[in-house]
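Let me begin by presenting the structure, written as structure tokens, before commenting on it.
The values are calculated or read from the model by the stated rules, or taken from the named source; none is laboratory data. Here the structure is a predicted model, which means the values were calculated and not measured. A quick note on method: Cβ atoms are made from the backbone with ideal geometry, for glycine too, and the neighbour counts reach across all protein chains shown. Side chains included, ligands, DNA and RNA excluded: accessible areas come from the protein's heavy atoms. Shrake-Rupley method; radii C 1.70, N 1.55, O 1.52, S 1.80 Å.
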Amino acid sequence: MMERWKGRVALVTGASVGIGAAVARALVQHGMKVVGCARNVDKIEKLAAECQSAGYSGTLIPYKCDLCNEEEILSMFSAIKTLHQGVDVCINNAGLAHNEPLLSGRTEGWRNMIDVNILALAICTREAYQSMKERHVDDGHIININSMGGHRMVPSADEHFYCATKYAVTAMTEGLRQELREAKTHIRATSISPGIVETEFAFRHHNSDPERAAAVYESIKCLKAEDIASAITYVLSAPAHVQIGDVQMRPVEQES
């Protein structure tokens, strides 16, 4: 069922590393035009060259964008419209966490998590929908990369504000589904909530304590970024009448 997406346009935010890079690669393999955005596009450019060398039928287009800046997001969507007509699939993957507890955290860290995890996701969702609507695209798909932290609180003060932003993603995805239904469109909305995935995430989160970050991934057999990419292709492959609202996936060995 991925055949119907060949030649169509997907936006993947946070596409330079980890889950975003794996998703971009998978969609290019399936023949999609993938706009991969990040603040630094060097790694996306390298991935694009690798995809081309591998002979994948799709194309990866790197795009430099700071998701904390609405004007840059709007400029990106304008460029996609000019060059590629518009967005058919939006993968809101970009997300981050800071060690900022509720009782002692810095407002700057909280605001950064809100800007990326919530506001950028909402802006990209709105603009992707408007892009689909103006072109009468009725089978588009918006996929939010959520977290198991969006369904239960992790017993660690360092994670509590991050979990709050992911709870917001859970609520926003369901709200989006309801609004799409009210708009009488067949555009679908899905939340994918991974548990522990072995990426650079923990090393960025615990940037002052690399040993702690490494211990996160050494404690159990973690999910791989490719596992999440496989979940996304599964969701996109579902028949047009099937709404997959929330996919929760975690390592077999993960306790909570």
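For segment 152-168, the tally of residues that are of a type outside the set (Phe, Trp, Tyr), touching a residue at least 40 places away in the same chain (Cβ under 8 Å) and either closer than 27 Å to residue 240 by Cα or crowded, with 19+ Cβ neighbours inside 10 Å (or both) stands at 4.
Of the candidates 9, 17, the single residue that is crowded, with 21+ Cβ neighbours inside 10 Å and touching a helix residue (DSSP H, G or I) at 6+ places or on another chain (Cβ under 7 Å) is 9. Can you name the residue in segment 238-250 that is over 16 Å from residue 142 (Cβ atoms) and in contact with a helix residue (DSSP H, G or I) (Cβ under 9 Å, 6 or more places away or on another chain) and, of all such residues, is least open to solvent (accessible area, probe 1.4 Å)? Ranking the qualifying residues of segment 238-250, first place goes to 249.
Among the residues of this structure, residue 135 does not count as one that is of a type outside the set (A, V, I, L, M), open to solvent by 10 Å² or more (accessible area, probe 1.4 Å), out of contact with any strand residue (DSSP E or B) (no Cβ under 9 Å at 6 or more places or on another chain) and more than 26 Å from residue 6 (Cβ to Cβ).
Residues that are of a type in the set (Asp, Glu) and under 24 Å from residue 25 (Cα atoms) do occur in segment 196-217, at least one of them. Among the residues making up segment 138-151, those that are in a helix (DSSP H, G or I) and surrounded by 21 or more Cβ atoms within 10 Å (Cβ to Cβ) are 149, 150. Quick one: is residue 171 open to solvent by 40 Å² or more (accessible area, probe 1.4 Å), farther than 23 Å from residue 29 by Cα, of a type in the set (A, V, I, L, M, F, W, C) and modelled with pLDDT of 95 or more? In short, yes.
Residue 84 satisfies every condition listed in (1) under 20 Å from residue 36 (Cβ atoms); (2) open to solvent by less than 30 Å² (accessible area, probe 1.4 Å); (3) not β-branched (Val, Ile, Thr) except (2).
Of the residues that sit in segment 119-157 and are among the β-branched types (Val, Ile, Thr) and within 22 Å of residue 250 (Cα to Cα), which one is modelled with the lowest pLDDT?
Per the stated criteria, the residue is 154.
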